[in-house]
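Colleague: Take a look at this one; I'll ask things after.
Please treat every number below as a calculation from the coordinates, not as lab data. Because the structure is predicted, anything quoted here is derived from the model rather than measured. Cβ atoms come from the backbone with ideal geometry, glycine included; neighbour counts cover every protein chain shown.
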Ligand SMILES: NC(=O)c1ccc[n+]([C@@H]2O[C@H](COP(=O)([O-])OP(=O)(O)OC[C@H]3O[C@@H](n4cnc5c(N)ncnc54)[C@H](O)[C@@H]3O)[C@@H](O)[C@H]2O)c1
């Protein structure tokens with residue numbers, strides 16, 4: 001995208017964390033005309049340099065250098081979960097808005113502190129997953145909202161894989177406090193359920209851990225063994241304040257890979273949604289009395305990660321609230337922590353936080369348009 005196609009009110013963006021996921025963010029964000037990506041920072045300066053140069057970003061260096069740049073209004077936090085809250089607070093202290101990778105924080109107090117600090121500073125915190133804004137999930141949400149399955153009642157979700165150490169070169173953090181299948185993959189599934197049903201009011205769950213250590217399967221550390229600090233399987237029963245319920249499993253210990261399953265059933269039928277960790281994909285509608293499903297083709301934006309940063313940027317200019325809001329992320333964190341607590345204690349856990357069910361995006365929402 002040449003700068004001549006950009007408007008005069010575009011939003012300056014900096015990125016902290018130049019690891020695996022930064023490539024897809026940088027590729028997309030540098031193509032959105034409403035954003036100007038100005039700087040990449042990492043504790044590892046060489047990693048920041050390589051990523052900045054690969055995507056034509058003018059600046060790279062330390063977090064402090066990034067936060068000192070006045071032109072940067074949004075900082076995209078792509079660090080590991082253990083420092084999401086700490087880095088988020090650093091960004092807010094520099095007077096900048098935060099886009100955070102998921103989960104928002106590792107505990108309720110830090111998540112609440114982030115939102116409260118943002119509120120008192122007049123800043124925004126928005127948070128992944130932004131797959132929720134993609135054509136796949138949005139088309140499904142529009143189908144549910146217009147009543148295709150009648151009154152929504154129940155859901156089943158499934159994420160089962162053997163584990164990410166096969167492909168991630170530094171997978172330790174994915175088996176540490178704040179990750180595991182529940183916190184790493186749960187946000188996609190639980191966010192979809194919150195978009196479909198609204199707030200959760202209580203959960204129960206069980207969990208297990210298959211192995212005490214895992215072995216890295218790729219990259220320079222291939223063959224290295226590392227400890228597993230969290231359960232690698234959770235099965236949860238989730239009940240919503242509107243009376244609906246869901247059963248969800250999150251697993252890094254299944255030899256039979258089956259992921260991306262989200263089925264929502266209502267009084268008239270069942271909707272099979274696309275994988276909530278993707279931006280695209282058709283839905284299928286099964287109605288009572290029909291032997292074959294009807295395909296509902298995905299309509300809307302299929303731009304990937306970074307779409308939520310763009311939505312945050314546009315919301316700063318038009319005064320609306322970002323759709324992948326910090327409040328939804330904090331509620332999702334509350335649910336994930338409650339599932340973890342329920343499995344550990346054997347108790348049913350009540351959830352205090354509440355959020356508004358977000359309205360579906362219009363089909364015409366287009367990250368590639370120059371609107372600012
Ligand atoms: N890898 C994926 O497929 C994927 C997909 C979706 C979301 N995510 C999320 O994105 C985040 C990053 O994942 P990743 O796979 O890119 O991890 P990664 O380990 O590959 O990269 C993280 C980067 O953050 C840097 N970093 C850590 N602490 C920092 C600090 N305090 N200041 C500056 N830099 C710091 C590290 O040096 C590293 O370069 C995680 O929250 C993860 O859940 C990852």
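Colleague: Please build a GNM for the chain, connecting alpha carbons under 10 Å apart, and tell me which residue among 305, 36, 317 fluctuates the most.
Modeller: So, out of 305, 36, 317, the one fluctuating most is 317.
Colleague: Could you work out how far the C-alpha centroid of the stretch 173-242 sits from that of the stretch 254-277, in angstrom?
Modeller: 17 Å
Colleague: Here is a further query. By how many nm would the segment from residue 93 to residue 221 grow when fully extended, if each residue of separation counts as 0.36 nm and the alpha-carbon distance is taken off?
Modeller: 42.5 nm
Colleague: Still on this model: Given the Cα-Cα distance of residue 166 and residue 287 and 0.36 nm per residue of separation, how much length would full extension add, in nm?
Modeller: Extra length from residue 166 to residue 287 when fully extended: 39.6 nm.
Colleague: Taking Cα pairs under 8 Å and at least six residues apart, what relative contact order does the stretch 182-303 come out at, in percent?
Modeller: Relative contact order, the stretch 182-303: 18 percent.
Colleague: What is the fewest-to-most order of 70, 34, 184 by other Cβ atoms lying within 10 Å of their Cβ?
Modeller: Going from sparsest to densest Cβ surroundings: 70, 184, 34.
Colleague: Please compute, for the alpha-carbon atoms of the stretch 75-189, the extent along each of the three principal axes and give them in descending order in Å.
Modeller: Dimensions of the stretch 75-189 along the principal axes of its Cα atoms: 47, 39, 24 Å.
Colleague: Another question, if that's okay. The chain: percent of C-alpha pairs farther apart than 29 Å?
Modeller: Distances greater than 29 Å cover 41 percent of the Cα pairs.
Colleague: Next up: Quickly work out the residue 43-to-residue 320 label distance, labels modelled 7 Å from Cα along the C-beta direction, and quote it in nm with one decimal.
Modeller: Computed distance between label sites residue 320 and residue 43 equals 3.8 nm.
Colleague: Once every Cα of the stretch 192-276 carries one equal point scatterer and solvent is ignored, give the base-10 log of I(q)/I(0) from the Debye formula at q = 0.25 Å⁻¹, two decimals.
Modeller: For the stretch 192-276, the Cα-only Debye profile gives -1.28.
Colleague: Shape of the stretch 121-183 from its Cα gyration tensor (a ≥ b ≥ c, root eigenvalues): rounded if a/c is under 1.5, otherwise prolate when a/b > b/c, or oblate?
Modeller: Note, shape of the stretch 121-183 comes out oblate.
Colleague: I need the fraction of alpha carbon pairs in the stretch 213-345 separated by more than 25 Å, rounded to a whole percent.
Modeller: That fraction is 52 percent.
Colleague: May I ask for the distance between the Cα centers of the stretch 91-157 and the stretch 49-67, given as a whole number of Å?
Modeller: Taking the Cα centre of each part, the stretch 91-157 and the stretch 49-67 sit 27 Å apart.
Colleague: Tell me, how many Å apart are the Cα centres for the stretch 327-342 and for the stretch 4-42?
Modeller: Cα centroid to Cα centroid, the span is 29 Å.
Colleague: While we're looking at this one, here's another question. Going 7 Å from the Cα of residue 82 toward and past its Cβ, which residues in the stretch 6-22 have a backbone nitrogen under 19 Å from where you end up?
Modeller: What the label zone holds, given the 19 Å backbone N cut-off, is 16-21.
Colleague: Kindly state, to the nearest 0.05, the FRET efficiency for residue 212 paired with residue 8, given R0 = 51 Å and r defined as their beta-carbon distance.
Modeller: Given R0 = 51 Å and the Cβ-Cβ separation, E is 0.35.
Colleague: Right, something else. What is the calculated FRET efficiency for residue 345 to residue 151, with r their C-beta to C-beta distance and R₀ = 22 Å, to the nearest 0.05?
Modeller: FRET efficiency, residue 345 to residue 151: 0.10.
Colleague: Here's a follow-up. Sorted from largest to smallest, which semi-axis lengths in Å does the alpha carbon gyration tensor of the stretch 1-148 give for its equivalent ellipsoid, taking the root of 5 times each eigenvalue?
Modeller: After diagonalising the Cα gyration tensor, the semi-axes are 25, 21, 15 Å.
Colleague: Ok, one more. Among 177, 233, which comes first, second and so on when ranked by fewest other beta-carbon atoms within 10 Å?
Modeller: In order of increasing Cβ crowding within 10 Å: 177, 233.
Colleague: With runs of 4+ DSSP H residues as the only contributors, calculate the mean residue ellipticity of the chain at 222 nm using -39,500 (n - 2.57) per run, divided by the residue total and rounded to the nearest 500.
Modeller: -9000 deg cm²/dmol
Colleague: Moving on. Listing 303, 189, 55 from the residue with the fewest other Cβ atoms within 10 Å to the one with the most, what is the order?
Modeller: In increasing order of surrounding Cβ atoms, one gets 55, 303, 189.
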